[in-house]
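The structure appears right after this line, and notes come after that.
The values are calculated or read from the model by the stated rules, or taken from the named source; none is laboratory data. None of these values were measured; they are calculated from a predicted model. Counting neighbours? That spans all protein chains shown, and the Cβs are built from the backbone with ideal geometry, glycine included.
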Amino acid sequence: MQTIETDILIIGGGSAGIAAAVASSSLNQKVTLVERLEYLGGKATAAEVGTICGLYKYKKTDVSEYIVNGFAKQFAEEIASLSSSVPLYNVYGLHYLPYNISAYKNLCLQLMQKNDVNVLFNSKVIEVQVTNQLVKSVVIQSKNETIQINCKSMIDCSGNSCISQLANLPLIKSERYQAAAQVFTLKGIGQTIESNINLVVIKELKKAILNNQLDSSFKNISIVQGSYQNDCVSLKIGIPIAVTNSKDNLEKLREKAIEMIQHFVAHLVTHVDLFKHATIEHIASEVGVRVGVRPVGKYILNEEDVLACKKFDTAIANCSWPIEEWQEEKGVVMRYFNHDDFYQIPADCLISSQILNLFFAGRNISATDEAIASARVIGICLQTGYAAGMLASDNIIKTPSLNTIKAIQAKQIFV
């Protein structure tokens, strides 16, 4: 069996994992990143989320003001430039940044190359070794090869508590996980503006469901904001099947989504002039599963923290996105806090309660169902990822955690 020695081992190459790798590398650590797919970006690219939420202040204004600083802001500005995009906003005061999927993949790869991060693609962790409250190594299956990776600190950015599950550590499980969605792109759309496409789709859905041409499971379909260009537009369809941890759940979700997409597009082509020449350009390679099992950290972020806009002396991220919960029947349910305010995530949400050198980031932080429904968005994942990278790196050289937290705050908390 091949053996790799590294300082920092990161599981998951999504937004949080990329940020963690950049942070760790900047502190002169040898970094290895394990990614299950053949490209980077996580759900941002595989599920084609299409917009970065959580970057800007929650404010009723037509000017988008950053709530983040440091790497998250730099990443946003770079992807905006590469995507030729600008922030959008809605009537509720939420601001978000559309991005190009290919540009996102390329930027993530360039950052890993620039920072000399060893990325192992098409790889899955199959075993974790813990000794004396320390993660010593993992075994991964990489294509047709089994590899042991020895590390000094580990950051789990897997989105489903991969390490905690394999190591039989405490988990935060949900009685009911958020509903999943599938993004797909249509081409051959007639000349129009994006807001008109949205209105046409909403109107046709209501009419078709009322006339029993489509059943009510189709009601949760919406435009991916900022996606209309070159006669193409992306849409997101809610999948009316519960998300579970069962082995074949993802396959069932995917099959149902494709079936619904084909039915819906056929209806549009037949009944709506704007779509009469439309065809499916492609369907995102993965179902958009929003949340999964979370690990237990030294602190569990909760609903009250979010809605009361709680601030922490040990804060490592500023968060301005509301609680956004998707349900199979109701669609999205939003719960807001006061305009011009925000909450913060403390460092202890990123630090294992059980293992001394295990850290978390992204959708994998220690948080309740309600709190992660806000904290899971990309703009926040970029912040928690970078913070975890600094915490894991300083843990190796025994830097006092409060010193590290102050350094993180100087980089990304003070806007």
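Entry remark, segment 76-109: residues being assigned to a helix (DSSP H, G or I) and either among the hydroxyl-bearing types (Ser, Thr, Tyr) or modelled with pLDDT under 95 (or both) number 4 in total. The set of residues in segment 358-415 being within 21 Å of the chain's Cα centre (by Cα) and outside any helix (DSSP H, G or I) consists of 358, 359, 360, 361, 365, 366, 367, 368, 376, 377. The set of residues in segment 310-330 being more than 15 Å from residue 377 (Cα to Cα) and in contact with a Ser or Thr (Cβ under 9 Å, 6 or more places away or on another chain) consists of 314, 316, 328, 329. Of all residue pairs spaced 6 or more apart or on separate chains, those with beta-carbon atoms under 8 Å, a first member in segment 318-338 that is surrounded by fewer than 20 Cβ atoms within 10 Å (Cβ to Cβ) and modelled with pLDDT under 95 and a second member that is of a type in the set (Lys, Arg) and not in a strand (DSSP E or B) are 331/219.
Quick one: in segment 223-236, of everything that is polar (S, T, N, Q) and over 19 Å from the mean Cα position of the chain (by Cα), which residue is surrounded by the most Cβ atoms within 10 Å (Cβ to Cβ)?
Within segment 223-236, the first condition is being polar (S, T, N, Q), and the residues that meet it are 225, 227, 229-230, 234.
Right, trim to over 19 Å from the mean Cα position of the chain (by Cα) and you get 229-230.
Working: 229: 14, 230: 7.
My answer is 229.
Looking only at segment 299-315, residues that are among the aliphatic types (A, V, I, L, M) and touching a Phe, Trp or Tyr at 6+ places or on another chain (Cβ under 6 Å) come to 2 in all.
The single residue among 361, 407 that is touching a strand residue (DSSP E or B) at 6+ places or on another chain (Cβ under 8 Å) and at pLDDT 95 or above turns out to be 361.
Being in contact with a Lys or Arg (Cβ under 6 Å, 6 or more places away or on another chain) and either over 30 Å from residue 336 (Cβ atoms) or not assigned by TED's automatic domain parsing to the domain that holds residue 141 (or both) holds for only one residue in 106, 122, 90, 118, and it is 122. Which residue out of 124, 43 is buried (at least 18 other Cβ atoms within 10 Å of the Cβ) and under 30 Å from residue 4 (Cβ atoms)? Going through 124, 43 in turn, the sole match is 43. Counting only strands (runs of 3 or more DSSP E) that sit completely within segment 144-205, zero hold 3 or more residues that are surrounded by fewer than 22 Cβ atoms within 10 Å (Cβ to Cβ) and modelled with pLDDT under 95.
Listed here are the strands (runs of 3 or more DSSP E) enclosed by segment 4-74 that have at least 1 residues being under 19 Å from residue 226 (Cα atoms): 51-53. Within segment 323-341, the only residue that satisfies the criterion of being aromatic (Phe, Trp, Tyr) and within 14 Å of residue 179 (Cβ to Cβ) is 326. Consider segment 206-217 and keep the residues that are in a helix (DSSP H, G or I) and touching a residue at least 40 places away in the same chain (Cβ under 8 Å). The one that is surrounded by the most Cβ atoms within 10 Å (Cβ to Cβ) is 208.
Name the residues in segment 130-143 that are in contact with a strand residue (DSSP E or B) (Cβ under 6 Å, 6 or more places away or on another chain) and either modelled with pLDDT of 95 or more or outside the structural domain of residue 39 (by TED's automatic domain parsing) (or both), would you? Explain how you work it out, then say what you get.
Here is the first cut: in segment 130-143, the ones in contact with a strand residue (DSSP E or B) (Cβ under 6 Å, 6 or more places away or on another chain) are 135-142.
Matches in segment 130-143: 135, 136, 137, 138, 139, 140, 141.
For the condition at pLDDT 95 or above and either surrounded by fewer than 22 Cβ atoms within 10 Å (Cβ to Cβ) or in contact with a His (Cβ under 7 Å, 6 or more places away or on another chain) (or both), residue 315 qualifies. Name the residues in segment 249-270 that are over 21 Å from residue 178 (Cα atoms) and surrounded by 18 or more Cβ atoms within 10 Å (Cβ to Cβ), would you? Result: 264, 268.
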